[in-house]
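So the structure is just underneath, and the comments pick up after that.
Read the figures in this text as sums done on the coordinates, not as results from a lab. From a predicted model like this one, the values you see are computed outputs, not experimental measurements. FYI the Cβ positions are ideal-geometry reconstructions off the backbone, even for glycines, and counts take in every protein chain you see.
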Amino acid sequence: MKILVALKQVPDTETKIKVAADGKSLDATDVKWITSPYDEMAMEEALRIKESRGAEVVAISVGEDRTRELLRNALALGADAAVLIRSAEAGDPLAVARILADFARDKSFDLILLGHTGFGGDHGAVGPMLAELLGVAQAHVVTRLELGEDTFRAEREAEGGFERIEGSLPAVITAQRGLNEPRYPSLKGIIGAKKKPIEELEAGPIESTIRVSTLTLPPARPEGRKLEGSAAVQAESLIQLLRNEAKVI
């Protein structure tokens, strides 16, 4: 079995985001970059499949030079190979889906895994677009995955219960929280990953469908207000504030 895992590099959720001088992009100064957490679950699922039934796991990312660090971490975790596709269109989900589809087409991957959305952009679109471009089965926001010889059974949360999806391989599956608990790389894996090569490719010409005109941060939150008095007085004050100031009741 061959598994492709698509990974996205995103700012750490603890990073204080700043807008760059051009007003259209993020200021990358002092930003700590990490693997998008949902993509980490996709990688973990691929590694578990590899351990339980045998598989070749290829990690891939569309991005810039710094993305090598993300791929090096994937190799340390246990990926067999890593591919970096350089592109300036990493923020456009359709462009990324096309780039991934161009790479994956005719390479006989049985399974393509990625997070159901990437932290930061939160488009949640690359997985479905990729499946449509490749013309393969798909299941998204998956919390449980079982594989047969050439079939899959996936579950995802639905209102009041779970939804079960069954299909044939090859397929694109996107991971949701609850699918698994991602592991940390071992010291041996980290040392070994330094010796493994990362294949680097240039993306072909793809016209972006997104144009960022302005990037602004949300307004600062007002300071909290401390309510004084007994519990009954505080409750009454809170109700009045929610009704008269916040206007939510």
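So what's segment 2-202 giving for Cα Rg divided by 2.2 N^0.38 Å, two decimals?
0.99
By DSSP, what percent of the beta bridges with both residues in the chain are antiparallel, rounded to the nearest 5?
Of all bridge pairs located within the chain, approximately 35 percent are antiparallel.
Just to be sure I understand: with springs between alpha-carbon atoms less than 10 Å apart, which residue in P222, P93, P128 has the highest mean-square fluctuation in the Gaussian network model of the chain?
Largest GNM mean-square fluctuation: P222.
If each residue of separation counts as 0.36 nm, what is the full-extension length gain between D102 and I249 once their alpha-carbon separation is subtracted? Display every interim value, and only then the final one.
Working: separation 147, 0.36 × 147 = 52.92 nm, distance 5.15 nm.
Stretched out fully, the D102 to I249 stretch lengthens by 47.8 nm.
Which ³J(HN,Hα) values in Hz, rounded to whole numbers, follow from the phi angles of segment 147-162 under the Karplus curve 6.51 cos²θ - 1.76 cosθ + 1.60, where θ = phi - 60° and Gly and Pro get x?
Rounded to whole hertz, the list is 10, x, 5, 9, 9, 9, 10, 10, 10, 9, 5, 10, 4, x, x, 10.
Compute, for the chain, the length of the dipole vector about the Cα centre, with Cβ point charges of +1 (Lys, Arg) and -1 (Asp, Glu) only. Units Debye, rounded to 20.
Charge dipole, the chain, about its Cα centre: 540 debye, nearest 20.
Can you tell me which lysines have their Cα less than 21 Å from the Cα of K247? Leave out same-chain residues fewer than eight positions away.
Answer for K247, where 21 Å is the Cα cut-off: K226, listed by chain and number.
In the Gaussian network model of the chain, springs joining C-alpha atoms below 10 Å, which of K50, K194, K226 carries the largest mean-square fluctuation?
Result: K226 has the largest fluctuation of those listed.
Quick check on the chain: helices-only [θ] at 222 nm, where DSSP H runs of length 4 and up contribute -39,500 (n - 2.57) each and the sum goes over total residues. Nearest 500, please. Don't skip to the answer; put the middle values down first.
Details: 6 runs with 69 residues, N = 249.
The helix-only estimate for the chain comes to -8500 deg cm²/dmol at 222 nm.
Could you point to the residue in G189, T209, G178 farthest towards the positive end of segment 136-229's charge dipole, with +1 and -1 charges on the Cβ of Lys/Arg and Asp/Glu respectively?
Positive-most Cα among the choices belongs to G189.
Note down the magnitude of the dipole of segment 1-132 about its Cα centre, charges +1 on Lys and Arg C-beta and -1 on Asp and Glu C-beta and zero elsewhere, to the nearest 20 debye.
My answer is approximately 160 debye.
With a 10 Å Cβ neighbour count serving as the proxy for reagent exposure, in which order, fewest first, do V142, V96 appear?
Lowest count first: V142, V96.
Of A220, A42, A59, which has the largest mean-square fluctuation in a 10 Å C-alpha GNM of the chain?
Comparing A220, A42, A59 in a Gaussian network model of the chain, the most mobile one is A220.
Size of the dipole of segment 153-249 about the Cα centre, Lys and Arg at +1 and Asp and Glu at -1 on the beta carbon, nothing else charged, in debye to 20?
Dipole magnitude for segment 153-249 comes out near 420 debye.
Mind listing which GluC sites (Glu not before Pro) in segment 103-154 are in a DSSP loop and have 13 or fewer other Cβ atoms within 10 Å?
Qualifying residues, ordered by number: E149.
Using Cα positions and a limit of under 29 Å, work out the lysines in reach of K196, with same-chain residues fewer than 8 apart set aside.
Those lysines meeting the cut-off are K2, K8, K32, K50, K107, K188.
Can you give the local net charge around G148? Use residues other than it whose beta-carbon is closer than 11 angstrom to its beta-carbon, Lys and Arg +1, Asp and Glu -1.
-2
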